[in-house]
Amino acid sequence: MRPRWFVEPFEEESRFIPPPRISGKCTGCGTCEAICSFTHFEVASNALSAIHVVNNDMDWIQGRSSKIIEIDVCRQCPGLSPCMAVCPKLAEGALFRDKKTSAVLVDADECIRCGACIRACPYDSMSHSPRLDAMIKCDLCGGEPKCVEWCPPKVLRYVKE
Amino acid sequence: MKEWCGWAGTVLRVDLESGEIKKQPLTRDKALTYLGSRGFNQKTLWDEIRPGIDPLGPENVLSIGVGPLNGTIFPCSGRYSMSYKSPWTGILGDGNAGGKFAAGLKQAGYDQIIFTKKAKKPVYLWIEDENVELKDAGHLWGETTWHTNEAIIKDDKASSVCCIGPAGENLVRTSCVITDAFDAHGMCGPGAVFGSKNLKAIGVKGTIGVNVADPDRFMELSRKVIDKKVHGPPLAGEGSYRIYNVGALRGTPHLVDVNKADNWDWVRYASTAKFRAHDNFVSDRLLENTVRLRGCCVCPTHCKRWYEVQEGPYAGLRGGGIEFNIVKYNAVVNDLNDWGEACHLNNLYNQLGISINHGTTIAYAIYLYEKGLLTKEQTDGLELKWGDAELITELVKKTAYRDGRLGNLLAEGHYNIGRILGPEALWHCIHVLGLASYPDFRGKNNLMIQRCTSTRGCDHLRGEVGGGHIGYWAHVLDDPEMGRGGYSTHGKHVATVSSQNVQVLFDCYSVCKNGLYPLYGEEAAEILTALTGVVFTAQMLWEIGERVYTLEQSFNVREGVKRKHMVPPPRYFAEPQADGLSKGNVCRIEDYDEMMDDYLELRGWDIETAVPKNAKLVELGLAMVKEEFEAGVPYPDWVGPPLAQAMPRERSD
């Protein structure tokens, strides 16, 4: 099987890593969301981003959650991924694997926008923009993910499995 | 070519009385003349607020603006401005806050929101792209900012919320508007303006995004700014900004470390320089309580934090934010003990929606109580003393709910307490045009001229020339003598004007001064050109800075501000600093006169009155100001906001 590449959120055990500019933990700034949508659609908008920063700080403050921030991003699941498994147009190639990175991509012409993949995704990382009629999904930027490059605290990494 | 790049192209006008919401096109002329955010707001205020109105009446206009860089991938672009006539000072009220509201509003397709008149019942404004509506806020009235924030995010799936707490509803003059639970428009009292309009909150969700004229170039320039200004080494001549390299981890509280235990300003309301708890407040002690750093929208600097207090009576307390303000305006002036108390107060201020600067108001009351100018009868029998966090907590709560005589007094704000208690008490009040800002500028002439010429009253974010900033301008303008501190008066007016113009630009773009300062000239022009498709030059930007600042001064002139009001407090002239390295330092009237003359001359404002001269107004394209000054009757002298209306209100329990 070909290697699987994906973007993975990770946080260091230590609280802060020197030099002081790097915090070692996600700060919730949303640079990844902005650069993702900007690269693909030329506008910054977290509704058009394939990566999402979910802020739970009010829950954390009140002791209802142990996590302040969660990052939702596609892991490009191996084999028949949950999104591909439910796709009614899989045979026509509505969802297919990229030859170079093995990322799951959407063919906008074949996709019928039924939304089955959005509901099936275990990482909440697929969505549909009614405004642009576009399916929004991480395509690994063709092998050079911009979110990894731009993340200020460097808590995203591009890994191979 | 896309119709609007950089700007969204729409101004939202909300008539709260009738509930009518209008979308008006932004004009090219306004965009190029005022650039955005603070610039748009000042234009609106000048056009729509008549002089002498009550800031808490329905005639006040509240304008919220975002600039061309907001809502894009540009680093540190999470700031937005809010302007109105201030109920705290009675002059221009203006503030700037971070969080994700700026991006949300801009990406929903709006450059400015203008609120007029007063709603009949509590409402909040909900903006989701093209859909804008006023919703009933009856169920949120009386709730804390955190509860309101959570409720609107849960009910409407908002991406960002700004709201007021009980303090704003009760027209506390020091109340603020809280964005995303921890970011505040602190100074000048916007919370009370929200409250007076029965406006509880604004929730936004923007999905449209902002067009960019040259995306590749803009991305390249944004990346360059991050690499050079944020992650790069200090630039030549910007060595003074090395300070910001530690700013990311420690945030503004790193400024505690540059002080010494026996050389602070303002301890016990400027009675001594010895801060006994200095060692408890060094930034290392804050890091012990820090759980995670927090960034505003698209911010690589992330100077804020989420904290959990580790020890002491407040162990286990969780919250977010924390700036140097909590130290200077609360811990130092009131002589508190440790970060636990500071974090507790920070949460309290955030939840109730009171400005951090309110700590100065409390310190002023304690100081007057010690001097015998505030009696036990006036404090409802309460013994006021220094260094008691429990007492401060009680006073903050009393203020927010205007509870009793003392609560009502404190709710009027620092300077107004002096007005109520009489001339002797007012003599002791440390303020310029009604506001107080750290540090003590006795014997620091560079700070004196800048604080006295700030357009929203004494303030450090309207053109900072303290510490390394003056060194930076001395380097850039190639005048080493200008960089000297202390009693030196040489070139301070030039540094002040330069810094004020650049900081106007920051608020107009609108980006964060902490993250990127200084960004102006060709560098900024290139970025704006790539973003908007309009060719900007360094000269155009400089003129915008000067234009907006002069317009702000004109607004204040209309409210009665003259040169005689733009002075340090009398206490600074008469009472030298008591101890510490600055012992014996005092403000000198001859230095003040010399620098003020030079400053007004350079600004093109009248030397006697500080009114902008006709020639300057014409040069800056502010003909409407000139016409009004020529036609207008003399404006009555500034004394502060009218106080009667906000005096004791019945509590309905």
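Mind checking which residues of the stretch B:11-24 are surrounded by fewer than 19 Cβ atoms within 10 Å (Cβ to Cβ) and either of a type in the set (Asp, Glu) or outside any loop (DSSP other than H, G, I, E, B) (or both)? Before the answer, list the steps.
Kept after step one, since they are surrounded by fewer than 19 Cβ atoms within 10 Å (Cβ to Cβ), are these residues of the stretch B:11-24: B:13, B:15, B:17-24.
Once the filter is applied, which keeps residues that are surrounded by fewer than 19 Cβ atoms within 10 Å (Cβ to Cβ) and either of a type in the set (Asp, Glu) or outside any loop (DSSP other than H, G, I, E, B) (or both), the stretch B:11-24 yields B:ARG13, B:ASP15, B:GLU17, B:GLU20, B:ILE21, B:LYS22, B:LYS23, B:GLN24.
Go through the stretch B:516-532 and count every residue that is out of contact with any Cys (no Cβ under 6 Å at 6 or more places or on another chain), open to solvent by less than 30 Å² (accessible area, probe 1.4 Å) and over 17 Å from B:VAL494 (Cα atoms). Write out each step before concluding.
Step one: filter the stretch B:516-532 for residues out of contact with any Cys (no Cβ under 6 Å at 6 or more places or on another chain), giving B:517-531.
Remaining after also requiring open to solvent by less than 30 Å² (accessible area, probe 1.4 Å): B:517-519, B:521, B:524-525, B:527-528, B:530-531.
Then drop every residue that is not over 17 Å from B:VAL494 (Cα atoms), which leaves B:517, B:519, B:524-525, B:527-528, B:530-531.
Qualifying residue count, the stretch B:516-532: 8.
Quick check on A:TRP60: is it surrounded by fewer than 23 Cβ atoms within 10 Å (Cβ to Cβ), modelled with pLDDT of 90 or more and of a type in the set (Phe, Trp, Tyr)? Spell out the reasoning first.
Working: surrounded by fewer than 23 Cβ atoms within 10 Å (Cβ to Cβ): yes; modelled with pLDDT of 90 or more: yes; of a type in the set (Phe, Trp, Tyr): yes.
Judged against the criteria, A:TRP60 is a match.
Within the stretch B:595-606, track down each residue that is part of a helix (DSSP H, G or I) and surrounded by 17 or more Cβ atoms within 10 Å (Cβ to Cβ). First the steps, then the outcome.
Filtering the stretch B:595-606 down to residues part of a helix (DSSP H, G or I) leaves B:595-603.
Once the filter is applied, which keeps residues that are part of a helix (DSSP H, G or I) and surrounded by 17 or more Cβ atoms within 10 Å (Cβ to Cβ), the stretch B:595-606 yields B:MET595, B:MET596, B:ASP598, B:TYR599, B:LEU600, B:ARG603.
Quick check on my filter: what residues within the stretch B:65-84 are out of contact with any Phe, Trp or Tyr (no Cβ under 7 Å at 6 or more places or on another chain) and open to solvent by less than 10 Å² (accessible area, probe 1.4 Å)? Before you say what the answer is, go through the steps one by one.
Restricting attention to the stretch B:65-84, the residues satisfying the condition of being out of contact with any Phe, Trp or Tyr (no Cβ under 7 Å at 6 or more places or on another chain) are B:71-72, B:74-79, B:81-84.
B:GLY71, B:THR72, B:PHE74, B:PRO75, B:CYS76, B:SER77, B:GLY78, B:SER81, B:MET82, B:SER83, B:TYR84, listed by residue number.
Looking at the stretch B:308-343, which of its residues are within 12 Å of another protein chain (Cβ to nearest Cβ), within 22 Å of the chain's Cα centre (by Cα) and more than 30 Å from B:GLY71 (Cα to Cα)?
Answer for the stretch B:308-343, where residues must be within 12 Å of another protein chain (Cβ to nearest Cβ), within 22 Å of the chain's Cα centre (by Cα) and more than 30 Å from B:GLY71 (Cα to Cα): just B:CYS343.
Go through B:VAL132, B:VAL123, B:VAL177 for me and flag whichever is within 25 Å of B:LYS43 (Cα to Cα), open to solvent by 10 Å² or more (accessible area, probe 1.4 Å) and among the aliphatic types (A, V, I, L, M).
Numbers: B:VAL123 fails: within 25 Å of B:LYS43 (Cα to Cα); B:VAL177 fails: open to solvent by 10 Å² or more (accessible area, probe 1.4 Å).
Testing whether each residue is within 25 Å of B:LYS43 (Cα to Cα), open to solvent by 10 Å² or more (accessible area, probe 1.4 Å) and among the aliphatic types (A, V, I, L, M) leaves just B:VAL132.
Given the criterion modelled with pLDDT of 95 or more, open to solvent by less than 50 Å² (accessible area, probe 1.4 Å) and not in a helix (DSSP H, G or I), identify the matching residue among B:VAL567, B:VAL535.
Working: B:VAL535 fails: open to solvent by less than 50 Å² (accessible area, probe 1.4 Å).
The unique qualifying residue is B:VAL567.
If I ask for residues that are facing chain A (nearest Cβ under 10 Å) and closer than 30 Å to B:TRP141 by Cα, which ones from the stretch B:196-223 would you list?
Residues satisfying the conditions are B:LYS205, B:GLY206, B:THR207.
Pick from the stretch A:145-161 the residues that are in a strand (DSSP E or B) and not hydroxyl-bearing (Ser, Thr, Tyr): which of them is most open to solvent (accessible area, probe 1.4 Å)?
Applying the first criterion (in a strand (DSSP E or B)) to the stretch A:145-161 yields A:156-160.
Right, trim to not hydroxyl-bearing (Ser, Thr, Tyr) and you get A:156-157, A:159-160.
Working: A:LEU156: 12, A:ARG157: 100, A:VAL159: 31, A:LYS160: 130 Å².
Filtering first and then ranking leaves A:LYS160.
If I go through the stretch B:296-307 residue by residue, how many of them are at the interface with chain A (Cβ under 7 Å from one of its Cβ atoms), open to solvent by less than 10 Å² (accessible area, probe 1.4 Å) and not in a strand (DSSP E or B)?
The qualifying residues number 3.
Of the residues that sit in the stretch B:394-435 and are touching a strand residue (DSSP E or B) at 6+ places or on another chain (Cβ under 8 Å) and among the hydrophobic types (A, V, I, L, M, F, W, C), which one is surrounded by the most Cβ atoms within 10 Å (Cβ to Cβ)?
Step one: of the stretch B:394-435, the residues touching a strand residue (DSSP E or B) at 6+ places or on another chain (Cβ under 8 Å) are B:396, B:399-400, B:414-415, B:431-435.
Next cut, among the hydrophobic types (A, V, I, L, M, F, W, C) only: B:396, B:400, B:432-433, B:435.
Numbers: B:VAL396: 22, B:ALA400: 29, B:VAL432: 24, B:LEU433: 27, B:LEU435: 25.
Among residues in the stretch B:394-435 that are touching a strand residue (DSSP E or B) at 6+ places or on another chain (Cβ under 8 Å) and among the hydrophobic types (A, V, I, L, M, F, W, C), the one surrounded by the most Cβ atoms within 10 Å (Cβ to Cβ) is B:ALA400.
Within the stretch B:140-150, is even one residue away from chain A (no Cβ under 14 Å) and either open to solvent by less than 20 Å² (accessible area, probe 1.4 Å) or without any contact (Cβ under 8 Å) to a residue 24 or more places away in the chain (or both)? Please lay out each step first, then the result.
Step one: filter the stretch B:140-150 for residues away from chain A (no Cβ under 14 Å), giving B:140-142.
Still in the running and either open to solvent by less than 20 Å² (accessible area, probe 1.4 Å) or without any contact (Cβ under 8 Å) to a residue 24 or more places away in the chain (or both): B:140.
Yes - at least one qualifying residue is present in the stretch B:140-150.
Being at pLDDT 95 or above and in a strand (DSSP E or B) is the filter here, so list the residues in the stretch B:184-204 that pass it.
Selection gives B:LEU199, B:LYS200, B:ALA201, B:ILE202, B:GLY203, B:VAL204.
Collect the residues in the stretch A:124-135 that are within 14 Å of the chain's Cα centre (by Cα) and away from chain B (no Cβ under 11 Å), keeping them in residue-number order. Steps first, please.
Of all residues in the stretch A:124-135, those within 14 Å of the chain's Cα centre (by Cα) come to A:124-128, A:135.
A:ASP124, A:SER125, A:MET126, A:HIS128, A:MET135, listed by residue number.
Please tell me if A:ARG64 is of a type in the set (Lys, Arg) and under 18 Å from the mean Cα position of the chain (by Cα).
Answer is no for this residue.
Any residue in the stretch B:28-39 that is of a type in the set (A, V, I, L, M) and in a strand (DSSP E or B)?
So in the stretch B:28-39, the residues of a type in the set (A, V, I, L, M) come out as B:31-32, B:35.
Now drop any that are not in a strand (DSSP E or B), which leaves none.
The answer is no, given that none of the residues of the stretch B:28-39 is of a type in the set (A, V, I, L, M) and in a strand (DSSP E or B).
Report yes if some residue within the stretch A:60-73 is polar (S, T, N, Q) and away from chain B (no Cβ under 14 Å); otherwise report no.
Initial filter on the stretch A:60-73 (polar (S, T, N, Q)): A:62, A:65-66.
In the following step, the residues that additionally are away from chain B (no Cβ under 14 Å) were identified as none.
Checking the stretch A:60-73: not a single residue is polar (S, T, N, Q) and away from chain B (no Cβ under 14 Å).
Filter the stretch B:580-594 down to the residues that are open to solvent by 40 Å² or more (accessible area, probe 1.4 Å), among the aliphatic types (A, V, I, L, M) and either under 11 Å from B:PHE441 (Cα atoms) or part of a loop (DSSP other than H, G, I, E, B) (or both) and list them by number.
B:LEU581
From the list B:GLY57, B:GLY109, B:GLY90, B:GLY104, exactly one residue is open to solvent by less than 10 Å² (accessible area, probe 1.4 Å) and farther than 30 Å from B:ILE420 by Cα. Which is it? Outline the logic, then answer.
Details: B:GLY57 fails: farther than 30 Å from B:ILE420 by Cα; B:GLY109 fails: open to solvent by less than 10 Å² (accessible area, probe 1.4 Å); B:GLY90 fails: farther than 30 Å from B:ILE420 by Cα.
From the options B:GLY57, B:GLY109, B:GLY90, B:GLY104, the qualifying one is B:GLY104.
Does the stretch B:25-44 include one or more residues that are open to solvent by 10 Å² or more (accessible area, probe 1.4 Å) and among the acidic types (Asp, Glu)?
yes
Between residues in the stretch A:41-66 that are among the hydroxyl-bearing types (Ser, Thr, Tyr) and residues that are buried (at least 19 other Cβ atoms within 10 Å of the Cβ), which pairs lie under 6 Å by C-beta distance while being six or more apart or on different chains?
So the pair list comes out as A:SER45/A:SER37; A:SER45/B:GLN107; A:SER45/B:THR207; A:SER45/B:GLY209; A:SER49/A:GLU33; A:SER49/A:CYS36; A:SER49/A:SER37.
Filtering the stretch B:618-639 down to residues that are among the aliphatic types (A, V, I, L, M) and under 26 Å from the mean Cα position of the chain (by Cα), which residue is farthest from B:SER86 (Cα to Cα)?
Here is the first cut: in the stretch B:618-639, the ones among the aliphatic types (A, V, I, L, M) are B:618, B:620, B:622-625, B:631, B:633, B:639.
Within this subset, residues satisfying the condition of being under 26 Å from the mean Cα position of the chain (by Cα) are B:620, B:622, B:625, B:639.
Values: B:LEU620: 26, B:LEU622: 23, B:VAL625: 20, B:VAL639: 13 Å.
Only one residue fits best here, namely B:LEU620.
Somewhere in the stretch A:124-135, is a residue open to solvent by less than 40 Å² (accessible area, probe 1.4 Å) and of a type in the set (D, E, K, R)? Spell out how you get there, then give the answer.
First, pick out the residues of the stretch A:124-135 that are open to solvent by less than 40 Å² (accessible area, probe 1.4 Å): A:125-127, A:129, A:134-135.
Remaining after also requiring of a type in the set (D, E, K, R): none.
No, there is no match, as no residue in the stretch A:124-135 is open to solvent by less than 40 Å² (accessible area, probe 1.4 Å) and of a type in the set (D, E, K, R).
Would you say B:TYR438 is in a loop (DSSP other than H, G, I, E, B) and either in contact (Cβ under 8 Å) with a residue 60 or more places away in the chain or under 30 Å from B:GLU590 (Cβ atoms) (or both)? Before the answer, list the steps.
On the way: in a loop (DSSP other than H, G, I, E, B): yes; either in contact (Cβ under 8 Å) with a residue 60 or more places away in the chain or under 30 Å from B:GLU590 (Cβ atoms) (or both): yes.
Taking the combined requirement at face value, the residue satisfies it.
How many residues are more than 14 Å from chain A (Cβ to nearest Cβ) and not basic (Lys, Arg) if we restrict to the stretch B:264-295?
To start, the set of residues in the stretch B:264-295 that are more than 14 Å from chain A (Cβ to nearest Cβ) comprises B:264-282, B:285.
Adding the requirement that they be not basic (Lys, Arg) leaves B:264-267, B:269-273, B:275, B:277-282.
So the count comes out to 16.
Does any residue in the stretch B:613-632 that is open to solvent by 80 Å² or more (accessible area, probe 1.4 Å) come within less than 9 Å, Cβ to Cβ, of a residue that is aromatic (Phe, Trp, Tyr) six or more places away or on a different chain, and which pairs are these?
As it stands, the answer is B:LYS613/B:TRP605, since those pairs meet every condition given.
For A:LEU80, state whether it is more than 9 Å from chain B (Cβ to nearest Cβ) and modelled with pLDDT of 90 or more. First the steps, then the outcome.
Working: more than 9 Å from chain B (Cβ to nearest Cβ): yes; modelled with pLDDT of 90 or more: yes.
So A:LEU80 fits the description; yes.
The values are calculated or read from the model by the stated rules, or taken from the named source; none is laboratory data. Remember, predicted model here, so these are calculated numbers, not experimental data. Ideal geometry is used to build each Cβ from the backbone, glycine not excepted, and the neighbour counts take in all protein chains shown. Side chains are part of the model used for accessible areas, which takes the heavy atoms of the whole protein and leaves out ligands, DNA and RNA. Shrake-Rupley method; radii C 1.70, N 1.55, O 1.52, S 1.80 Å.
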